[in-house]
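Visitor: I have a structure I would like to understand better, so I am pasting it below and will then ask my questions one at a time.
Please treat every number below as a calculation from the coordinates, not as lab data. Since this is a predicted model, take the numbers as computed values, not measurements. Every residue, glycine among them, receives a Cβ derived from its backbone with ideal geometry; neighbour counts consider all protein chains shown.
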Amino acid sequence: MQPLVSMHGINKAFSGVPALQSASLEVAPGEVHGLIGQNGAGKSTFIKVLTGVYRRDAGTVQFDGHDSTVTCPRDAQATGIATIYQELNLVPLRSVTENVTLGYEPKRMGVLIDWPKAHRRTREILSRFGIDIDVRAPLGSYSTAIQQLVAIARAVSLDAKLVIMDEPTSSLDANEVETLFGVIRGLRDAGVSVLYVSHFLDELFAVCDRVTIMRDGQTVGTRNIGETSKLGLIADMLGRNPEDIEAAGMTEFGGGQAKLGEILLEAKGVSTGNRLLEFDLTVHRGEIVGLGGLLGAGRTEAARAIFGVDALTKGAMTFKGAPSAPANPSDAINEGIGFLTEDRKAEGIVPDMSVRENLTLALLPKLTKNGQIDRAQEKELVEGYIKSLGIKTADMDQPIRELSGGNQQKVLLARWLATEPDLLILDEPTRGVDVGAKLEIQAIIRDYVDKGFGVVLISSEFEELVEGADRIVVLQDGYSVSELQNPGITENALVKAIAHHYEREAAE
Amino acid sequence: MNAQTLRQNGGVVALIAILLFNAAFTPNFLQLQTLFVNISQVATIAIVAMGMTLVIATGGIDLSVGAIMALSGAMAPLIFQSEFGTAYPALGLTAAFVFPLIVACMCGLFNGALISVLRVQPIIATLILFISGRGIAQVLTNGNLQTFKNPAFSYLGTGKVLGLPFQGWLALAIAVVLFWVVKRTSFGRYLLAVGGNEKAAQLSGGPVKTVKIGAYVICAFLSGIAGLIVVAINSASDAARNGNLMELDAIAAAVVGGALLQGGRAPIFGAILGAIIIQLVKYTLLANGVEDEVALIAKAFIIVLAVYVQQARKE
Ligand SMILES: Nc1ncnc2c1ncn2[C@@H]1O[C@H](COP(=O)(O)OP(=O)(O)OP(=O)(O)O)[C@@H](O)[C@H]1O
Ligand SMILES: [Mg+2]
């Protein structure tokens, strides 16, 4: 059968540095096609060439049997390609409805937007994903996961022939991923093709028919998913022998063997409004405490409370033995707390600044003498982190926006490690990071607590929590409801604890 | 030269084009006198444009620069011509520099506090002084033109160092200092971070409010200096005309120089380049007998062009 998409010999370089080198890809109609590769392998760039965000330097692109004439993303949508980019390009200040129907608003009398109809349609579209939210509220007021789902819902609603998803599940938890898979299978049954980028190999085995593997800007091959294995895919991605990888072992952070030190942080009955109502947490030195819970359970809000972003309305905290009530992040940092935020684009990177400047942003007060930044020290430090985290960047003065998503994430992690906080709060620390780097990062976090620091870990990946945390505090609707202790936590136990319905005494 | 380098060096190319045009068509262009006139004119635009560049770098805008010029300019002669000023000329002269600049800084503090603490939109916040500042200046001077003879004060606008106008050197010195501030100090780093992603800057412990207020204070301070220069050049203060429409020139110069209106970039020397271009366009049109109104349209056209080039560059 004639492929829906066929790209051959694609080259693309950014100011002389090649990102794609004669890469090729074929997607059959009605197929779910995976695209994998390490951070910086060129996946997102490949997609952007297809959708006209970037102009290719060489190569041919055919779509639906014709030479593609796409030169900008709008063309791509018109020819039937709907895309969810890795860095969501939604408008946070606009309502959910506006974001979902943008460019396709139902009209009355040809010009006026029919808002009731638009809201209704948006609610319909979102209900496929089991989301029931106020569609008039600004999108930015919802969590990253909801925003990601909204982006997916919008793309799926566009009646496309091809839906491209660049790491759609990076902030979703297991339930939401299942819902997404249901929708993807529905698309496939309707004859729509899906191009699916993910670092979660399990996901590929769950929904993909075939997988194309990329390495250093080249395509290494395409495999039928039934004829390959996880190990085989990893070997293809890294360009190494499966046997060697097996021998090296798939280490992870190994929770539960920590030797606990004194109490570092204690939060009692903390509330910051209606999303975090009553939250208790104790973190010892040398301990990784996970926060578990469903979407909207209050995990991120808990982190924001500890870090002084949201003011406490109730409760109290002690940190390093003294009462702690940071009024803003800068106070919290001075006390010795760090907070790696979940939303890389909105709350993490300063896009036009260099890797170096982004990495040292939180450390600036310590790098400054008489108002002047110590450049030599700064460079040395940045160089060290680029090496130890394996950040793929042309040089440290490259603007961070030009880095691949996973590499941006590593820079942000380095930003906080560099401040050497006593307590480090990590909200999705391995979001968008490839399999290999993920293990490295987990090892770095474990080393960090072994030095006598404490970590609060938030992750939508149950596996990461279960294996990484020494203890998991489960949140539900803004309350901390139970605690699980490692060793001995299983994913099942965690799921059960999260889903269990806890009776609370009426607040009155 | 390919499209990319043309875009990145658009300002320089434009400048060369204007110079060539003038050399060919404007009578008496290649004379020292022309250079002096242009330097003394461009210095005020450049000084204010550099302040504007810092404000724009935070994602803000300052419409009050012209009014602050009028205010500080109006105060100076009042001070050195006062009883005190004539009795103690040296002290009077010092006070005539210091007090207007303190008042200018307070105007900047007012703008900055409205914007960063009360979260008023920059356009609205600075509109307050844009309207009232010139009014206060006119009240101070009873709406009269104040002329004076004070060679020491006038040096600021008419003095020469190494044969070139003093205010040109002053602008250059300010540029060097600001360039260092932007590139080397943590204030400069935070300034760009706030403009580039305010939330990220704040969550990384950046003193967002202080930095914003700082930018408006510096901008107002520089406007105050420019106001004094204009008064010194003319040996007269005219509260109605001093700094009139300067906000437009300064914004235009900053944008032509490469400042992004959404913030995150502070090209200090770009602002000087932009100021030179704006001044030369004015001069070219004037010298070739084009009316003032048309010159305004030309300026508008330059701004549109600069913003267009920027948009293309972002891709
Ligand atoms: N606009 C750009 N300017 C310069 N270099 C770029 C740009 N976009 C991407 N690159 C470089 O191209 C390479 C491929 O990046 P790309 O974003 O395609 O990787 P990726 O496979 O999507 O990685 P990830 O899994 O981290 O998202 C990287 O080395 C990146 O630094
Ligand atoms: Mg990517």
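Visitor: Going Cα to Cα from B:LYS299, which lysines come in below 17 Å? Please leave out same-chain ones fewer than 8 positions away.
Guide: Those lysines meeting the cut-off are B:LYS282.
Visitor: Would you calculate a helix-derived [θ] at 222 nm for chain A, using -39,500 (n - 2.57) for each DSSP H run of n ≥ 4 and dividing by the full residue count, to the nearest 500? Display every interim value, and only then the final one.
Guide: Values: 18 runs with 170 residues, N = 508.
My calculation for chain A gives -9500 deg cm²/dmol from helical runs alone.
Visitor: Still on this structure, please answer the following. What order do you get for A:THR313, A:THR169 when you list them from fewest to most C-beta neighbours inside 10 Å? Please list the in-between numbers first.
Guide: On the way: A:THR313 13, A:THR169 22.
Ascending Cβ contact count within 10 Å gives the list A:THR313, A:THR169.
Visitor: Hey, another quick one. At what distance in angstrom do the alpha carbon centres of the stretch A:315-340 and the stretch A:119-178 lie from each other?
Guide: About 35 Å separates the Cα centre of the stretch A:315-340 from the one of the stretch A:119-178.
Visitor: Neighbouring Cβ atoms within 10 Å as the yardstick, rank B:TYR190, A:TYR479 fewest first.
Guide: On the way: B:TYR190 23, A:TYR479 19.
Neighbour counts put them in this order, fewest first: A:TYR479, B:TYR190.
Visitor: Hey, can you rank B:167-176, A:104-113, A:28-37 by average C-beta count inside 10 Å, highest first?
Guide: A:28-37, B:167-176, A:104-113
Visitor: Taking a cut-off of 16 Å between Cα atoms, list the aspartates and glutamates near B:LYS149, but don't count ones fewer than 8 places away on the same chain.
Guide: Straight-distance partners of B:LYS149: B:GLU83, B:ASP238.
Visitor: Over chain B, what number does the Rg to Rh ratio reach, with both radii from the alpha-carbon atoms and Rh per Kirkwood? Present the calculation step by step, with values, prior to reporting the outcome.
Guide: Working: Rg = 19.4 Å, Rh = 19.9 Å.
For chain B, the value is 0.98.
Visitor: Hey, for a label at A:ASP450 modelled as a point 7 Å past Cα toward Cβ, could you say which residues of the stretch A:466-498 have their backbone N under 16 Å away?
Guide: Backbone N within reach: A:468-470.
Visitor: Find which of B:PHE36, B:ASN142, B:LEU172 sits farthest along the positive direction of the dipole of the stretch B:28-314, computed with +1 on the beta-carbon of Lys and Arg, -1 on that of Asp and Glu, about the Cα centre.
Guide: Farthest towards the positive end: B:LEU172.
Visitor: Mind checking the dipole of chain A: about its Cα centre, +1 per Lys or Arg Cβ, -1 per Asp or Glu Cβ, Debye to the nearest 20? Walk me through the intermediate numbers first.
Guide: Working: 51 positive and 70 negative charges, 270 e Å.
Dipole size: approximately 1300 debye.
Visitor: For the peptides B:133-139, B:110-116, A:287-293, what is the packing order when you average, over each peptide's residues, the other Cβ atoms within 10 Å and list the highest mean first? Show your work: numbers first, answer last.
Guide: Details: B:133-139: 19.9, B:110-116: 23.6, A:287-293: 26.4.
Most protected by this proxy first, the peptides run A:287-293, B:110-116, B:133-139.
Visitor: Residue farthest toward the positive end of the dipole of the stretch A:5-248, with Cβ of Lys/Arg at +1 and Asp/Glu at -1: which of A:SER68, A:LEU231, A:MET109?
Guide: A:MET109
Visitor: Then there is this: Given Cβ point charges of +1 (Lys, Arg) and -1 (Asp, Glu) and nothing else, what value in debye, to the nearest 20, does the dipole of the stretch A:337-420 about its Cα centre take? Don't jump to the answer; show the numbers that get you there.
Guide: Values: 12 positive and 13 negative charges, 21 e Å.
Charge dipole of the stretch A:337-420: 100 debye, to the nearest 20.
Visitor: Filter the cross-link list A:LYS369/A:LYS451; A:LYS268/A:LYS320; A:LYS43/A:LYS410; A:LYS366/B:LYS183; A:LYS369/B:LYS183 down to pairs whose alpha-carbon distance in this structure exceeds 21 Å. Please report the intermediate quantities before stating the final value.
Guide: Values: A:LYS369/A:LYS451 28 Å; A:LYS268/A:LYS320 15 Å; A:LYS43/A:LYS410 18 Å; A:LYS366/B:LYS183 17 Å; A:LYS369/B:LYS183 14 Å.
Table pairs above 21 Å Cα-Cα are A:LYS369/A:LYS451.
Visitor: Explain nothing, just the number: dipole magnitude of the stretch A:5-248 about its Cα centre with +1 on each Lys and Arg Cβ and -1 on each Asp and Glu Cβ, in debye rounded to the nearest 20. Intermediate results must be reported in sequence, preceding the final value.
Guide: Working: 24 positive and 29 negative charges, 188 e Å.
It comes to approximately 900 debye.
Visitor: With the dipole of chain A worked out from charges on the C-beta (+1 for Lys and Arg, -1 for Asp and Glu) around the Cα centre, which of A:PRO29, A:ILE441, A:ILE184 lies farthest toward the positive end?
Guide: My answer, from the dipole projection, is A:PRO29.
Visitor: Compute the signed sum of charges (Lys and Arg +1, Asp and Glu -1) over the other residues within less than 10 Å, Cβ to Cβ, of B:VAL65. Please report the intermediate quantities before stating the final value.
Guide: Numbers: positive: none; negative: B:ASP62, B:GLU247, B:ASP249.
That works out to -3.
Visitor: Averaged over its residues, how many other protein chain Cβ atoms are within 10 Å of peptide A:346-355's Cβ atoms?
Guide: Across A:346-355, the average partner-chain Cβ count within 10 Å equals 6.
Visitor: Compute the convex hull volume of the Cα atoms of the protein assembly as shown, divide it by the residue count, and report the result per residue in Å³ as a whole number. Working shown, then result.
Guide: Values: hull volume 173.8 nm³, N = 823.
Per-residue hull volume (Cα only) is 211 Å³.
Visitor: Turning to a different aspect of this structure: Would you list B:MET106, A:MET1 from fewest to most Cβ contacts within 10 Å?
Guide: Numbers: B:MET106 13, A:MET1 7.
Ranked by crowding around the Cβ, least crowded first: A:MET1, B:MET106.
Visitor: Please compute, for peptide A:337-344, the average count of beta-carbon atoms on other protein chains lying within 10 Å of each residue's beta-carbon.
Guide: If you average over the peptide's residues, the count of other-chain Cβ atoms is 2.
Visitor: Shifting gears a bit: Within a Cβ distance under 13 Å of A:PHE319, other residues only, what is the Lys/Arg minus Asp/Glu net charge?
Guide: Working: positive: A:LYS268, A:ARG285, A:LYS320; negative: A:GLU262, A:GLU266, A:ASP331, A:GLU335, A:ASP422.
Computed value for this residue: -2.
Visitor: Okay, moving on. What order do you get for B:241-252, A:388-399 when each peptide is scored by the mean count of other beta carbon atoms within 10 Å, highest first? Can you show the working numbers first?
Guide: Numbers: B:241-252: 22.5, A:388-399: 16.7.
Final packing ranking: B:241-252, A:388-399.
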